[in-house]
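The next block holds one structure in the form of structure tokens; read it before the comments.
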Amino acid sequence: MKNVLILAILLLFLSACQEQKQRYFAESEETKTLEAGIAAYESGDWATWKSHFVDTAKIFVNSKEPITLDARHKNLSSMTEAFSSYGFEKEESYIEMVLDKEDETWVYFWGQHNGTMVNGTKLSIPVHLAVQFMDGKIIEEHIYFDGTEMNAAMTVMQAESEAEE
């Protein structure tokens with residue numbers, strides 16, 4: 001009986017010591033891909049930015065309804081035309097990759113997006129991205145930010161433009 005108890009304890013100890021699969025990564029090919037996509041966005045290199053996505057990617061911008069990659073490209077390029085400079089703070093951003101319980105690969109990014117509009121208005125907006133990868137490409141992206149300040153600034157800039165006409 002004593003041997004059975006020792007064997008049971010030994011088996012329990014060995015099973016507790018089994019290596020767990022790593023699920024969180026500070027760096028990975030996917031985090032590097034997302035960082036390269038952000039850099040392409042910041043430089044206005046839309047061909048490189050689009051190259052990180054599958055053609056059928058679903059993109060959710062503060063919404064439960066997805067838009068296409070082409071629609072997101074059109075929205076972003078139109079928005080960035082209103083800025084003389086824009087980009088994310090490098091020192092304050094955070095990125096990580098997670099393998100979720102279904103073994104799906106997600107990269108999460110938190111950053112502060114700063115920009116100066118062509119009329120001189122300065123904006124600083126926190127942004128969160130949740131990006132799903134498959135085979136090295138983005139298949140789904142969720143973008144969350146409070147657009148109130150930017151929308152108000154765009155309205156003011158449009159009114160200024162109309163007043164000049």
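The values are calculated or read from the model by the stated rules, or taken from the named source; none is laboratory data. Quick caveat, the model's predicted, so the values are computed rather than measured. All Cβ positions, glycine included, derive from the backbone under ideal geometry; neighbour counts span all protein chains shown.
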Practice problem: Would you be able to say whether some residue in segment 69-90 is farther than 18 Å from residue 46 by Cα, surrounded by 12 or more Cβ atoms within 10 Å (Cβ to Cβ) and among the β-branched types (Val, Ile, Thr)? | Solution: no
Quiz item: Within segment 61-70, is even one residue in contact with a helix residue (DSSP H, G or I) (Cβ under 8 Å, 6 or more places away or on another chain) and either of a type in the set (Lys, Arg) or farther than 19 Å from residue 30 by Cβ (or both)?
Solution: yes
Quiz item: Can you find even one residue in segment 67-84 that is over 30 Å from residue 20 (Cβ atoms) and acidic (Asp, Glu)?
Solution: yes
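In segment 124-138, which residues are in contact with a helix residue (DSSP H, G or I) (Cβ under 9 Å, 6 or more places away or on another chain) and either part of a strand (DSSP E or B) or at pLDDT below 95 (or both)?
Across segment 124-138, the qualifying residues are 124, 125, 129, 131, 133, 137, 138.
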Practice problem: Please enumerate the residues belonging to segment 97-123 that are closer than 24 Å to residue 20 by Cβ and either touching a Ser or Thr at 6+ places or on another chain (Cβ under 7 Å) or part of a loop (DSSP other than H, G, I, E, B) (or both). | Solution: 97, 99, 100, 101, 102, 103, 104, 107
Quiz item: Of all residues in segment 113-128, which are farther than 30 Å from residue 164 by Cβ and surrounded by fewer than 15 Cβ atoms within 10 Å (Cβ to Cβ)?
Solution: 126, 128
Exercise. Scan segment 46-59 and report the pairs whose first residue is of a type in the set (Val, Ile, Thr) and surrounded by 18 or more Cβ atoms within 10 Å (Cβ to Cβ) and whose second residue is part of a strand (DSSP E or B) and modelled with pLDDT of 95 or more, with Cβ atoms within less than 7 Å and a gap of 6+ or a chain change.
Key: 59/67; 59/141
Quiz item: So how many residues does segment 15-45 have that are of a type in the set (Phe, Trp, Tyr), surrounded by 11 or more Cβ atoms within 10 Å (Cβ to Cβ) and modelled with pLDDT under 95?
Solution: 1
Quiz item: Since residue 82 meets every condition but one in (1) touching a strand residue (DSSP E or B) at 6+ places or on another chain (Cβ under 6 Å); (2) among the hydrophobic types (A, V, I, L, M, F, W, C); (3) within 20 Å of residue 32 (Cβ to Cβ); (4) touching a residue at least 40 places away in the same chain (Cβ under 8 Å), which condition does it not meet?
Solution: (3)
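When you scan segment 139-160, how many residues do you find that are part of a helix (DSSP H, G or I), acidic (Asp, Glu) and under 29 Å from residue 106 (Cα atoms)?
The total comes to 1.
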Quiz item: So which pairs qualify, if the first residue must be in segment 104-119 and farther than 28 Å from residue 154 by Cα, the second must be polar (S, T, N, Q) and surrounded by 15 or more Cβ atoms within 10 Å (Cβ to Cβ), the Cβ gap must be under 9 Å, and the two must be at least 6 apart or on different chains?
Solution: 104/132; 105/28; 105/132; 106/132; 107/28; 107/31; 107/33; 107/132
